[in-house]
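The values are calculated or read from the model by the stated rules, or taken from the named source; none is laboratory data. These numbers come from a predicted model, not from an experiment. Methodologically, a virtual Cβ is constructed for each residue, glycine included, from the backbone with ideal geometry; neighbour enumeration extends over all protein chains shown.
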Amino acid sequence: MVIFFNSSDPNYTIYMGKDKYENEELIKYALPIDVWFHVEDFSSAHVYLRLPENITVDEIPKDILYECCQIVKDNSKDGRKKEKVSVCYTRWENLNKVSTMEVGEIGFKKQNEVKVIDGITKDKEILKRLKKTMEEKNVNLEAEKESYNIENSNRKKKFFDDQVKLNIIFIEKKRNSRCQKV
């Protein structure tokens, strides 16, 4: 079961694994448009934010970042007891999982792509609102990723085909303009 939360902006989807075994599935089947959140230096849930297409990590609205930080802090056994924690986040594609790691453990391909937000304190109002929207769903993560990959491949193919058509039109116009000058 994957746990979903409604963010303050319906264009962004927040979800997390129920336990470390489900985190393994999320690590394996998250999408390239997903951003991973975790409490730094403490065990915590793996919280993901699904971005709208063409939005980068640097363009995530501050209130959406803050909501993800609240969820990940609240779902950290030790982090929730601390007054303040730091939350790290990075694109899913930057996660590095190797066979020697424990279940739920993760590393990074490029440490310089990991962003950190310091001083996250509990915000009861935001947590209360988010918890009201919490919903557990059975999700076929593998099928969802396969569907995304097919759609993404089709988008790229259409873009490439459109570029070829534009190039042909450009060449035709250029050829016609040369013919008229002679």
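In the set (1) of a type outside the set (Lys, Arg); (2) outside any helix (DSSP H, G or I); (3) in contact with a helix residue (DSSP H, G or I) (Cβ under 8 Å, 6 or more places away or on another chain), Gln70 fails one condition alone, (2). Within the option set Lys109, Lys84, Lys131, being modelled with pLDDT of 95 or more, touching a helix residue (DSSP H, G or I) at 6+ places or on another chain (Cβ under 7 Å) and loosely packed, with under 14 Cβ neighbours inside 10 Å holds for one residue only, Lys109. Taken over segment 102-122, the residue count meeting the criterion of being within 20 Å of Val35 (Cβ to Cβ) and either among the aromatic types (Phe, Trp, Tyr) or outside any helix (DSSP H, G or I) (or both) is 14.
For residues in segment 1-36 being of a type in the set (A, V, I, L, M, F, W, C) and over 9 Å from the mean Cα position of the chain (by Cα), which is surrounded by the fewest Cβ atoms within 10 Å (Cβ to Cβ)? Looking at residues that are of a type in the set (A, V, I, L, M, F, W, C) and over 9 Å from the mean Cα position of the chain (by Cα), I get Met1. Evaluate the following for Ser43: is it surrounded by fewer than 17 Cβ atoms within 10 Å (Cβ to Cβ), at pLDDT below 95 and over 19 Å from Val2 (Cα atoms)? In short, no. Just give me the residues in segment 46-57 being part of a loop (DSSP other than H, G, I, E, B) and surrounded by fewer than 18 Cβ atoms within 10 Å (Cβ to Cβ), in sequence order. Those that are part of a loop (DSSP other than H, G, I, E, B) and surrounded by fewer than 18 Cβ atoms within 10 Å (Cβ to Cβ): Pro52, Glu53, Asn54, Ile55, Thr56.
Conditions tested, residue by residue: (1) free of Cβ contacts under 8 Å to residues at least 12 places away in the same chain; (2) closer than 18 Å to Lys18 by Cβ; (3) not polar (S, T, N, Q).
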site	(1), (2), (3)
Asp118	no, no, yes
Lys124	yes, no, yes
Leu141	no, yes, yes
Ser147	yes, no, no
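Across segment 134-152, the qualifying residues are those that are closer than 20 Å to Asn6 by Cβ and loosely packed, with under 11 Cβ neighbours inside 10 Å, and the one among them that is modelled with the lowest pLDDT is Asn138.
Quick check on segment 25-45. Is at least one of its residues part of a helix (DSSP H, G or I), hydrophobic (A, V, I, L, M, F, W, C) and under 26 Å from Gly119 (Cβ atoms)? Checked segment 25-45: no residue is part of a helix (DSSP H, G or I), hydrophobic (A, V, I, L, M, F, W, C) and under 26 Å from Gly119 (Cβ atoms). Take the conditions (1) surrounded by fewer than 16 Cβ atoms within 10 Å (Cβ to Cβ); (2) more than 16 Å from the chain's Cα centre (by Cα); (3) in a strand (DSSP E or B); Ser99 misses just one of them, which is (3).
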